[in-house]
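J.: Have a look at the structure that comes next, please.
The values are calculated or read from the model by the stated rules, or taken from the named source; none is laboratory data. These numbers come from a predicted model, not from an experiment. Here Cβ is always computed from backbone atoms with ideal geometry, including for glycine, and neighbour counts include all displayed protein chains.
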Amino acid sequence: MRIDQIITRTNKEAKEFDTINATLLQKAGFIDQTMAGVYSYLPLGLRVLTRIENIIREEMDKVGSEILMPAMVPRELWEKTDRMETDILFEVRGANDKSRKKNKASYILSPTHEEVITPLFMKQRMSYKDLPFAAYQIQTKFRNEERPKSGLLRGREFRMKDLYSFHASDEDRREYYDRIKDVYVKIFDRLGIGEDTIVALAGGGDFTDEFTHEFDTRCESGEDIVYWDEREQAYYNAEVASDELKDGSEEIKVSEVGNIFPLGTKFSEAFGYMFTDQSGERKPVHMASYGIGSSRVMGVIVEKFNDDGGIIWPKSVAPFQVYLAVMPGDNKAVIERADKIYEDLLGAGIEVLYDDRAGVSGGMKLKDADLTGMPWRAVVSEKTGSKVEIKARTSEEIRLIKGSDLLKVVKA
RNA sequence: CGGAGUGUAGCGCAGAGGUAGCGCGCAUCGUUCGGGACGAUGAGGUCAUGGGUUCGACUCCCAUCACUCCGACCA
């Protein structure tokens, strides 16, 4: 893609925030804050978010079916499960008197979708033969956090993948739950944060007496704390760690990027989602839910991978693999060589951002290449002659190679 | 929701009871062109909102709203 299609620019003077992701993502022109905890995703930022979500989608498609539920839902669903008191709920209604005369109803902006998916599937999957099954969606969620903070790490509107599974028995649920745990490990690996992401035991709230599992990425800006229990060989979050463990073990700062959660029969009983088993007996369906905060993952990745120059995207989520810059000047031959390299990369299916801006200094192009963080930087100039200069974002080493070798290098 | 701070040009900021400032960015021209180039010229403002004090308020006072940070909260 030519850079003039990326209609937003970098801004070296953008405001500095206390968290790296808030500062760098805005400096580099990936996101723009609309209000506290609510962001627009600009062309480069949306590409990253989409990549993250597509990796999650690929893995989820192996274990469930993708659906899309509404963000706006009737209050009565939340009244039914007795969760209207939850203070993170947003409510919407007609904004002016006229519209309120026509439709007085107010709706909930969903922070999570148990209330939608449970009545949805009880309409059609009511036999033991229909169980187990699982469905997921990737969607914008709304939570009225009292204090949004830290860029994409905690917003009032954010992106999340939520998977829900339905089972005839708790044993069956358990088996699937463990499988998803493994799938999550793979997902965070693919997202580039596997090494720093741990599974911690957490509390189950009102839903279950057993432990639930959080996926936490080590991160200084993270809001959560976990402890390593040497004896149990397990991490515990602050909510469930014993005082003994808290005293004797180091605090590990993390950001929670995912969780998996047995729901028991709370929702199936609230909605009357019963299935008929082989002997004709009606029983409540066992459920579990599994979340990954895809926009938070984007923030966490920036927190983990950056330097003084800017962001360093893992290859799997980078908006483009190559930042190709042609150094400015009047030399038409240089521009033609760069154009050819751009076309060759495109032809080979390499995602390349081509900085062919005229009237922009070479220095600025190099700064932008670092700031926006593509894995590879390729430069064509008078200096490079018939060759092309290639540099990895993670390295200082600059190599002059033949244009025809470029493909091999960036594909490796 | 408690505490602190900030709201002035598109962005980042300075300033001040009596004509509204700087840097970046933007526009035009020229020179540049490998680590955010330079000169010249120019456009761009309801100084967050509402009240009050005052001859006069963008400046002082009060309230409200928004944003940032700390704390509490976080299925």
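J.: In the stretch A:253-262, which residue that is without any contact (Cβ under 8 Å) to a residue 60 or more places away in the chain and crowded, with 18+ Cβ neighbours inside 10 Å is farthest from the chain's Cα centre (by Cα)?
T.: To start, the set of residues in the stretch A:253-262 that are without any contact (Cβ under 8 Å) to a residue 60 or more places away in the chain comprises A:253-254, A:256, A:259, A:261.
Of the ones still in play, those that are also crowded, with 18+ Cβ neighbours inside 10 Å are A:254, A:256, A:259, A:261.
Values: A:Val254: 16, A:Glu256: 11, A:Asn259: 13, A:Phe261: 18 Å.
By that ranking, first place goes to A:Phe261.
J.: To continue, here is another question. Under the condition of being among the acidic types (Asp, Glu) and either surrounded by 18 or more Cβ atoms within 10 Å (Cβ to Cβ) or within 16 Å of RNA strand B (Cβ to nearest atom) (or both), which residue from the stretch A:88-140 is nearest to A:Lys62 (Cα to Cα)? If you could, list the steps in order and put the result at the bottom.
T.: Initially, the stretch A:88-140 is screened for residues among the acidic types (Asp, Glu), giving A:91, A:97, A:114-115, A:130.
Checking the rest, the ones that are also either surrounded by 18 or more Cβ atoms within 10 Å (Cβ to Cβ) or within 16 Å of RNA strand B (Cβ to nearest atom) (or both) come to A:91, A:114-115.
Details: A:Glu91: 35, A:Glu114: 21, A:Glu115: 24 Å.
Once the filter is applied, the top-ranked residue is A:Glu114.
J.: For the stretch A:121-226, please list each of the strands (runs of 3 or more DSSP E) lying entirely inside it that holds at least 2 residues being without any contact (Cβ under 8 Å) to a residue 40 or more places away in the chain.
T.: Working: elements: A:133-142, A:157-167, A:197-202, A:212-218.
The qualifying strands (runs of 3 or more DSSP E) are A:197-202.
J.: Would you tally the residues in the stretch A:101-120 being without any contact (Cβ under 8 Å) to a residue 40 or more places away in the chain and hydroxyl-bearing (Ser, Thr, Tyr)?
T.: Applying the first criterion (without any contact (Cβ under 8 Å) to a residue 40 or more places away in the chain) to the stretch A:101-120 yields A:101-109, A:111.
From what's left, hydroxyl-bearing (Ser, Thr, Tyr): A:106-107.
Result for the stretch A:101-120: 2.
J.: Also, quick follow-up: Could you grab the pairs with beta carbons closer than 7 Å, sequence gap of 6+ or different chains, first residue in the stretch A:355-368 and more than 8 Å from RNA strand B (Cβ to nearest atom), second one among the β-branched types (Val, Ile, Thr) and assigned to a helix (DSSP H, G or I)?
T.: Qualifying pairs under 7 Å: A:Asp355/A:Ile3; A:Asp356/A:Ile3; A:Arg357/A:Ile3.
J.: Tally the residues that are under 22 Å from A:Arg156 (Cα atoms), more than 8 Å from RNA strand B (Cβ to nearest atom) and among the aliphatic types (A, V, I, L, M), restricting the search to the stretch A:1-37.
T.: Qualifying residue count for the region: 4.
J.: If A:Pro314 satisfies all but one of (1) farther than 30 Å from A:Glu343 by Cβ; (2) at pLDDT 95 or above; (3) part of a loop (DSSP other than H, G, I, E, B), what's the number of the condition it fails?
T.: All conditions pass for A:Pro314, except number (1).
J.: Within the stretch A:337-353, is there a residue that is at pLDDT below 95 and of a type in the set (Asp, Glu)?
T.: no
J.: If we scan the stretch A:68-79, do we find a residue that is near RNA strand B (Cβ under 10 Å from one of its atoms), within 26 Å of A:Lys161 (Cβ to Cβ) and in contact (Cβ under 8 Å) with a residue 12 or more places away in the chain?
T.: No: the stretch A:68-79 contains no residue that is near RNA strand B (Cβ under 10 Å from one of its atoms), within 26 Å of A:Lys161 (Cβ to Cβ) and in contact (Cβ under 8 Å) with a residue 12 or more places away in the chain.
J.: I need the full set of residues from the stretch A:377-410 which are among the basic types (Lys, Arg), in contact with a Gly (Cβ under 9 Å, 6 or more places away or on another chain) and farther than 15 Å from A:Leu366 by Cβ, in order please.
T.: Step one: of the stretch A:377-410, the residues among the basic types (Lys, Arg) are A:377, A:383, A:387, A:391, A:393, A:399, A:402, A:408.
Cutting the leftovers down to in contact with a Gly (Cβ under 9 Å, 6 or more places away or on another chain) gives us A:387, A:393.
Answer for the stretch A:377-410, where residues must be among the basic types (Lys, Arg), in contact with a Gly (Cβ under 9 Å, 6 or more places away or on another chain) and farther than 15 Å from A:Leu366 by Cβ: just A:Lys387.
J.: If the Cβ limit is 6 Å and pairs must be 6+ apart or interchain, which residue in the stretch A:1-27 that is over 17 Å from A:Gly373 (Cβ atoms) pairs with which residue that is surrounded by 11 or more Cβ atoms within 10 Å (Cβ to Cβ)?
T.: A:Arg2/A:Tyr354; A:Glu16/A:Thr23; A:Phe17/A:Thr23
J.: Same structure, new question: Out of everything in the stretch A:374-394 that is within 11 Å of RNA strand B (Cβ to nearest atom) and part of a loop (DSSP other than H, G, I, E, B), what residue ends up being nearest to A:Asp307 (Cα to Cα)? So that I can check it myself, show each step before the final result.
T.: Start the filter on the stretch A:374-394 by keeping residues that are within 11 Å of RNA strand B (Cβ to nearest atom), which leaves A:377-385, A:387-391, A:393.
Filter once more, so that each one left must be part of a loop (DSSP other than H, G, I, E, B): A:381-385, A:393.
Values: A:Ser381: 26, A:Glu382: 29, A:Lys383: 27, A:Thr384: 27, A:Gly385: 30, A:Arg393: 10 Å.
Of everything passing the filter in the stretch A:374-394, A:Arg393 is nearest to A:Asp307 (Cα to Cα).
J.: Sticking with this one: Would you mind finding the one in A:Pro319, A:Pro284 that is away from RNA strand B (no atom under 11 Å from the Cβ), in contact with a strand residue (DSSP E or B) (Cβ under 9 Å, 6 or more places away or on another chain) and without any contact (Cβ under 8 Å) to a residue 24 or more places away in the chain? I'd like the intermediate steps shown before the answer.
T.: Details: A:Pro319 fails: without any contact (Cβ under 8 Å) to a residue 24 or more places away in the chain.
Answer to the selection: A:Pro284.
J.: Here is a list of conditions, (1) more than 24 Å from A:Tyr164 (Cβ to Cβ); (2) within 11 Å of RNA strand B (Cβ to nearest atom); (3) not in a strand (DSSP E or B), and A:Arg231 meets all of them except one; can you say which number that is?
T.: Answer for A:Arg231: the failing condition is (2).
J.: If I ask for residues that are of a type in the set (Asp, Glu) and modelled with pLDDT of 90 or more, which ones from the stretch A:209-238 would you list?
T.: A:Glu214, A:Asp216, A:Glu220, A:Glu223, A:Asp224, A:Asp229, A:Glu230, A:Glu232
J.: Would a scan of the stretch A:46-56 turn up a residue that is surrounded by fewer than 17 Cβ atoms within 10 Å (Cβ to Cβ) and over 27 Å from A:Leu153 (Cα atoms)?
T.: Looking through the stretch A:46-56, none of the residues is surrounded by fewer than 17 Cβ atoms within 10 Å (Cβ to Cβ) and over 27 Å from A:Leu153 (Cα atoms).
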